[in-house]
Structures are given as structure tokens and as C-alpha cells.
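I have placed the structure first, in the form of C-alpha cells, so that the comments after it can refer back to it.
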Ligand code: HEM
């Protein structure tokens, strides 16, 4: 990475950028986030009918998915059926744009409530993924959609890495 000395001279230094998973707080933080989120989903008139019969472990499974996407353990691929399984859970559901918007809005609110890092860099990456992924969910769920089940679980990264002080 390149920075500048106090005299304005270029200076090179090494930093290790943490994964989004680590920055978020790891598994516990994601479980807290998704538990809070799906609690609110079930109180929401637009989303409750969609999630009324969700699996008892749904929040945990989506936390594991997000963990893998954000650079944590590849546990969704290893233990939960990977990308193909996630796609299969959305097929034929006909998710509307209004429902997608509400889903995104509640998840961003839940990030505050769960105390996820509020720095602009983390939230930009988080919101970017949620916007992208939720639009894909709408496409996967549309009548006649035939998404490719062989794709791997996506990996999301910083759009703008967090600033970290140079190593001494
Ligand atoms: C970034 C966006 C999204 C991600 C990452 C995501 C992720 C997932 C995953 C991983 C599963 C499978 C969970 C398991 O293995 O048991 C799932 C299921 C499901 N998703 Fe999504 N999803 C997204 C957006 C949405 C949206 C916008 C809706 C609807 C408004 C939705 C509705 C559902 C439903 C109804 C299920 C099945 C729940 C059950 O019966 O257990 N998803 N989602």
C-alpha cells in the first residue's frame, strides 16, 4: 500500500486488510443480525406472508451464507448445499420489487440494531451486496427463471477498503 510521509514523500507500507466477515464481527455478529432481522420480517405486513413458514434455522443459514460471501468459512458450500440450494429456495416465489425494497430496508435497519460497524466503508460494501443479492433473488424467483445452479457462492469485498494506520 502506498502513503505519504509527513514531508509529502511517497512511502510504501504493508497492511493486512481484514475480510468483511472479520470486520463485521464474525459468526456471532451475523447470527445476531439475522435473528433481529427475521424477527422484524415476521412483524411486517408485506413480508410476513412470504416468510410465515420459514425453516426454524433460516436466520442461522442465511448468516452462514453471508459469512461465506464476506470471506468467512466456506460453510454454506460445505454443509448447506451451496449456491444451488440457495437458488432453489427462491425459485417460483415471485418476489416483488416492493417486497425486495422492504427486505433491504429492514436488513439495513437491523445492522444498526445489531451494532454492526457503522463506518462508511463497511456499510457501503454491506449495502452494495444486499442491493445486488436481493435483485438477483427477484430474478431467480420470477416465473420461468432458470438460474445457473453450478455457480459458486459469490465472494464480496470492500469497495473502498477501511483506512488503517501503517504498521510501525
Ligand atoms: C441478498 C439477498 C438475499 C440473500 C443473500 C438470501 C439468502 C437466502 C438463503 C441462503 C436462503 C436459504 C436458507 C437455507 O439454506 O435454509 C434463502 C431462502 C429464502 N429466501 Fe432469501 N435471500 C435474499 C433475498 C431474499 C428476498 C429479497 C426475499 C423475499 C422478499 C427472500 C426470500 C426467501 C425465502 C422465502 C426463503 C425460504 C425460507 C424458508 O422457507 O426457509 N430472499 N435466502
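The values are calculated or read from the model by the stated rules, or taken from the named source; none is laboratory data. This structure is a prediction, so every number in the text was calculated from the model and none was measured. Neighbour counts run over all protein chains shown; Cβ positions are idealised from the backbone, glycine included.
General observations
- Any hit, the stretch 119-129, residues being modelled with pLDDT of 95 or more and closer than 24 Å to residue 150 by Cβ: yes
- Test: residue 49 is part of a helix (DSSP H, G or I) and loosely packed, with under 14 Cβ neighbours inside 10 Å: yes
- Residues in the stretch 116-147 that are touching a residue at least 60 places away in the same chain (Cβ under 8 Å) and either more than 14 Å from the chain's Cα centre (by Cα) or surrounded by fewer than 15 Cβ atoms within 10 Å (Cβ to Cβ) (or both): 147 only.
- Selection from the stretch 70-108 of residues that are within 15 Å of residue 31 (Cα to Cα) and either more than 9 Å from the ligand (Cβ to nearest atom) or surrounded by fewer than 19 Cβ atoms within 10 Å (Cβ to Cβ) (or both): 70, 72, 73, 75, 108
- Flag if residue 121 is within 11 Å of the ligand (Cβ to nearest atom) and outside any loop (DSSP other than H, G, I, E, B): no
- Unmet requirement for residue 150, which otherwise passes all of (1) in a loop (DSSP other than H, G, I, E, B); (2) surrounded by 12 or more Cβ atoms within 10 Å (Cβ to Cβ); (3) over 14 Å from the mean Cα position of the chain (by Cα): (2)
- Hey, residue 21 farther than 30 Å from residue 163 by Cβ and surrounded by 15 or more Cβ atoms within 10 Å (Cβ to Cβ) or not: no
- Cross-chain or 6+ apart pairs with Cβ under 9 Å, the stretch 36-50 first and over 17 Å from residue 111 (Cα atoms) and in contact (Cβ under 8 Å) with a residue 40 or more places away in the chain, then within 11 Å of the ligand (Cβ to nearest atom) and not in a helix (DSSP H, G or I): 46/96; 50/93; 50/95
- Qualifying residues in the stretch 52-68 (those that are near the ligand (Cβ under 6 Å from one of its atoms) and assigned to a helix (DSSP H, G or I)) - the one farthest from residue 126 (Cα to Cα): 58
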